[in-house]
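The values are calculated or read from the model by the stated rules, or taken from the named source; none is laboratory data. Keep in mind that this is a model prediction, so the values were computed, not measured. Note that we place each Cβ from the backbone using ideal geometry, even for glycine, and neighbour counts take in every protein chain shown.
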C-alpha cells in the first residue's frame, strides 16, 4: 500500500459569463484506499478568503462485466451476469447523454448456479441498465 499520494489539477471555472483558472491540490497526502482506487479531497490553492472551491474525488477502475438482458415475458426482463463478479447493485435509466436519469432499482438478486439474476418488472424494463459492483 502506498504511504502518500499527491495530486494537482488546473481547471477552468465558468461562473455565468466569467471564466477563471483555478489550481487545486490535495489537502493531505494520506492514503485511504488501496491502488488503483482513489479517494481524496482537492482544495483550491489559489482561492480567496471568501471564495475557495473543493472537489471530493472518488475513482475506481471500470470493469467490463458481461451483463445479459433477457426478456422474461410481457411482465419484465431478467438481467444475468457471472457470479464471479459478485451480486452488485442494478440501476436503470430511460435516457443516456449528458443528463442520464439513473435510478437504483430494487430487484431481488439471487445466485443461480454460476450466475446472478435480477428480475425487473416491465415498468422498469424500458431503457438502459448499469450494474455497479463494489470492489473489496
Can you name the residue in segment 92-114 that is surrounded by 10 or more Cβ atoms within 10 Å (Cβ to Cβ) and in contact with a helix residue (DSSP H, G or I) (Cβ under 6 Å, 6 or more places away or on another chain) and is also nearest to residue 129 (Cα to Cα) among such residues? 92
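Residue check: is residue 87 modelled with pLDDT of 85 or more, surrounded by 11 or more Cβ atoms within 10 Å (Cβ to Cβ) and not in a strand (DSSP E or B)?
On the way: modelled with pLDDT of 85 or more: yes; surrounded by 11 or more Cβ atoms within 10 Å (Cβ to Cβ): yes; not in a strand (DSSP E or B): yes.
Criteria met by residue 87.
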Does residue 78 satisfy being part of a strand (DSSP E or B), loosely packed, with under 15 Cβ neighbours inside 10 Å and more than 16 Å from the chain's Cα centre (by Cα)? no
Residues of segment 45-75 classified as free of Cβ contacts under 8 Å to residues at least 12 places away in the same chain, assigned to a strand (DSSP E or B) and within 19 Å of residue 102 (Cβ to Cβ), total: 0
When segment 1-43 is examined, which residues are found to be touching a strand residue (DSSP E or B) at 6+ places or on another chain (Cβ under 7 Å), part of a strand (DSSP E or B) and exposed (fewer than 10 other Cβ atoms within 10 Å of the Cβ)? 10, 12, 19, 21
